[in-house]
Amino acid sequence: MSLILRNWKRALLMIILSGYTAFAAGPFIWVSMMSLRTTPEISDNPYTFPEAFHWEKYAVAWSESDYSVYFWNSVMVTTIAVLAVTIIASMTAHCLARFRFPGNRLILFMIFSTLIFPPQIVMISLFQVLVNYGLFDTHLGLILVYIALQMPLTVFILEGFFSRLPQDLYDAAKMDGYSNFESYWRLTLPIGLPAIATTVILNFIHIWNEFLFAVVLIASDEKRTLPLGIQKFYGDRLEDVGMIATGVMISVIPVILIYIFFSEKMIQGMTAGAVK
Amino acid sequence: MAVVKLENVSKRYPGSQELAVDAINLEIADGEFLVLLGPSGCGKSTALRMIAGLESITRGTLYIDGQAMNHIPAKDRDIAMVFQSYALYPHMNVANNLAFGLRRRKVPKDKIARRVENVAGMLGLTPFLGRKPHALSGGQRQRVALGRAIVRDPKVFLFDEPLSNLDAALRVSTRNELVKQHQRLGATMIYVTHDQVEAMTMGQRICIINNGKLVQVGVPLQVYREPADTFVAKFLGNPPMNLIKVRLEASADGVAARFGHHVLPLLAMDVAKLTAYINQTVILGIRPEDFSEIGPQDRHQHPNGFTARVAAVEALGAETVLITEIEAVDEVVRARLDRDSTARLGDEICIEADVNRVHLFDPESSRAIACR
């Protein structure tokens, strides 16, 4: 009896999980199918498998629609911004987690409290600041904005993780002769890798897909990032759905690669065995 | 090897009114194994961390080999420390954990390899050199932590409750291992614990700390037999010493302690040293093992025996501890008796204290009264 009940439970669980997977993955699969079909084919029947796989669309999008330019712009902006956020935020979080000084919690609270405000609020003033400093329509300006926007959440996540690392490790390193910076470099960074990987993935996805600030702060075509590039296929009277889908797929691939690379680190229990 | 000397060393944490460590004076001899013993929060770990250089010294001076160390950073004190949590670097394997400190000190690579190999061999860690800490048992991690200290060949070893995370059996064997290593290395070692068994079995001297103050220093048995105050009397020994409020009276034989209608002649005491306390209340200390049970037929031969009602029986196999209630005594009195004791809960038995081994304490200062 209990065996039957258990099987039913398992079956129910599988049905729910399958339903959720289809719900989550369905649109992605649909777009990936559309990316291999032409726009007239899609217009005829949007929900079907490709009759012929138009792989050449990827080459067309890459070379003829300037996707290569947008792609490398996105790679540069995202990589530099994520790298800078990771280094600055991890150093900040290390200091806030490790050192007792007056105002420690206040600083953390102030950094975190900036998350309360929707980023759109700062848009106008940010636009003006960037224009004043000659950073409007530059990648550097966009990168600085991304760093500032992603900093609070990154500091908050990393501080939470770093503060749980045992103080004894740092005392041991101090006795071994390592300076504060070396402790950060040789202990906090490698041991904090699961948390850092989490923030890298979050920041990468967010900055890679970011549209609002990019569309306001970048004006030149050759400086566009991928989300702006895809927008090019939205015409006044025609939407090239097939090419949009191809563009979306090109933009998704790096995100998937980053996730595959860092997700293993994310789930690794690196601190297991550190204490007790 | 080194002589460590604390001169009026105090510590006050920022924002705190009280001293965590209060004017400790202590000298640890070259090659000595000294145990800092005290309850949780008494300041013993703070004292150790000040010696290590992990905490600043608020007042007083710390000397190592005659050199003031107050402003010398931890890394330059040539001290190694074994932490309660082991503090092994989780992302490094055993070999790298052992070598980490040496690399920072720019020791040549071949020398590091040799020393790591030697220490690993000494502690039986050779098969585990490639493993990371999470793949080791508690005992193995403990040995790596010890190895990390030994490999540096420091002047002084500090241990901050290093056995408290081990199970009982492993604790005993590691205790012996540590004593063996001390004999082999001959280094100065300072060991912090709240476990009196560790203190008694490992320390050449014990230093007892309470509320940040040094209460007593001495060889273990001396501290056990001659506690300086009621705190040490209660803290050292399991079950702890019984402390009974009594009235000292002059008697024909010298002095006697009276509680209720019981009168205990204190024959071994020097009457001259107790004159100030005659007809005063003092605290009488009797160790549980200094009681013996008197059979009903022998009571008339033991006029100093008194009746106790058994409130609980702890039959431990090798011995039996009776928790008893005695007339005119506020607290329960513990008696450690022979394992063959047949006393049962609720029985009224007769017990007698060895009057040659009792202690007297001043009720106000709690200090022991020199009375022999």
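Both radii come from the Cα set of the protein assembly as shown: Rg as radius of gyration, Rh as Kirkwood radius; their ratio Rg/Rh reads 1.17. Each residue in B:269, B:200, A:34 was given a count of other beta-carbon atoms within 10 angstrom of its own, and listing them fewest first yields B:200, B:269, A:34.
Return A:6, B:148, B:175 ranked ascending by Cβ neighbour count within 10 Å, so the fewest neighbours appear first.
Listed from fewest to most nearby Cβ atoms, that is A:6, B:175, B:148.
Counted over region B:109-268, the DSSP beta bridges are approximately 75% antiparallel.
For residue A:99 and residue A:13, what is the calculated FRET efficiency with R₀ set at 41 Å and r taken between the beta-carbons, to the nearest 0.05?
Computed FRET efficiency for residue A:99 and residue A:13: 0.30.
Coupling constants for region B:286-296 follow from the phi torsions by the Karplus curve (6.51 cos²θ - 1.76 cosθ + 1.60, θ = phi - 60°), and in residue order they are 10, 5, x, 6, 8, 9, 9, 8, 9, x, x Hz; glycine and proline get x.
Footprinting exposure proxy ranking of B:92, A:14, A:76, fewest other C-beta atoms within 10 angstrom first, gives A:14, A:76, B:92.
Could you tell me which of rounded, prolate or oblate describes chain A, using a ≥ b ≥ c as the square roots of the eigenvalues of the alpha-carbon gyration tensor, with rounded for a/c under 1.5 and, failing that, prolate when a/b is larger than b/c and oblate otherwise? It is oblate, given that a/c is not under 1.5 and a/b is not larger than b/c. Here the Gaussian network model covers chain B, with springs between Cα atoms less than 10 Å apart; of B:31, B:124, B:305, B:124 fluctuates the most. In this simple spin-label approximation, residue B:221 and residue B:251 carry label points 7 Å from Cα along the Cα→Cβ vector, and these lie 2.9 nm apart.
For region A:75-139 versus region A:1-20, the inter-centroid distance based on Cα atoms is 46 Å.
Taking the C-alpha atoms only, the angle from helix A:104-113 to the longest principal axis of chain A is near 10 degrees. Could you check what % of the DSSP bridge pairs in chain B are antiparallel, to the nearest 5? Restricted to chain B, the bridges split so that about 75 percent are antiparallel.
The label-point distance for residue B:314 and residue A:24, in a model that sets each label 7 Å from Cα toward Cβ, rounds to 5.5 nm. Taking the longest Cα principal axis of chain B as reference, the axis of helix B:168-185 is set at about 60 degrees.
Counting only alpha carbon atoms, the long axis of helix B:138-150 and the longest principal axis of chain B meet at about 70°.
Any idea what the relative contact order of region B:4-235 is, in percent, if you count C-alpha pairs under 8 Å spaced at least 6 apart?
With pairs under 8 Å counted, the relative contact order is 28 percent.
Bear in mind these aren't lab numbers, they're just calculated from the coordinates by the rules spelled out. Values in this document were obtained by computation on a predicted structure and should not be read as measured data. Reconstructed Cβ throughout: ideal geometry from the backbone, glycine too, with neighbour counts over all protein chains shown.
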